Amino acid sequence: MSTPAVSSVHQALQKSFKNLENCQKVWKSALTECSPLLESLGNLAEQSKALSNVQLSDTPLRVFPDLEDRLRFKLLQAMDTVLGKLNDKLSSLQSVRDTISSHASGVLQLYELHADSLDLLAVTERSATTPSIADMLGWLQDAERHYRQQYPQCSDIH
């Protein structure tokens, strides 16, 4: 019978799903931390636009030399700081995506290694407490695809 192979693949799947759960927490945390950064970046862009729309030479602030240049410099510095923090979050998201892909690939390789010793019944058999290997492999592939598709959407802000 294929009991050692089934057991080996089941253990790898269990490990991958635990890893997936941890990765999901990191992913959600990184996305949550991006929201205030994006809001801050939007505020800075609005301030920059307002600075471009005002003629400081027509205001009492004209007595301050190079005020517009200094304000613009400060705004650009602040934007660079926020963009750096966003880049760190994107790196976290990319790391999650890569970790999930690596685990999914590893489990599929293990499955392929044991494929000859796994009969159709062993792969599709499920119980009330344990899903089938085929179901779990499908779920793992779905999760990997989800994160692979989500990351490019997140990195579009980069």
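The values are calculated or read from the model by the stated rules, or taken from the named source; none is laboratory data. A quick note: this is a predicted structure, and the numbers were derived from the prediction, not measured. Cβ coordinates were reconstructed from backbone atoms using ideal geometry, including for glycine residues, and neighbour counts include every protein chain displayed.
Yes or no: segment 70-79 includes at least one residue that is part of a helix (DSSP H, G or I), touching a helix residue (DSSP H, G or I) at 6+ places or on another chain (Cβ under 7 Å), of a type in the set (S, T, N, Q) and closer than 30 Å to residue 32 by Cα. Scanning segment 70-79 turns up no residue that is part of a helix (DSSP H, G or I), touching a helix residue (DSSP H, G or I) at 6+ places or on another chain (Cβ under 7 Å), of a type in the set (S, T, N, Q) and closer than 30 Å to residue 32 by Cα.
The residues of segment 106-129 that are within 29 Å of the chain's Cα centre (by Cα) and loosely packed, with under 13 Cβ neighbours inside 10 Å, listed by number, are 109, 112. For segment 8-46, a residue qualifies if it is surrounded by fewer than 11 Cβ atoms within 10 Å (Cβ to Cβ) and among the small types (Gly, Ala, Ser), and exactly one does: 35. Residues that are of a type outside the set (A, V, I, L, M, F, W, C) and in contact with a helix residue (DSSP H, G or I) (Cβ under 6 Å, 6 or more places away or on another chain) within segment 100-135 comprise 101, 103, 111, 114, 117, 124, 132, listed in sequence order. Taking every residue in segment 106-129 that is assigned to a helix (DSSP H, G or I) and pairing it with any residue that is at pLDDT below 90 and polar (S, T, N, Q), at least 6 positions away or on another chain, the pairs with Cβ-Cβ distances below 8 Å are 114/2; 117/2; 122/2.
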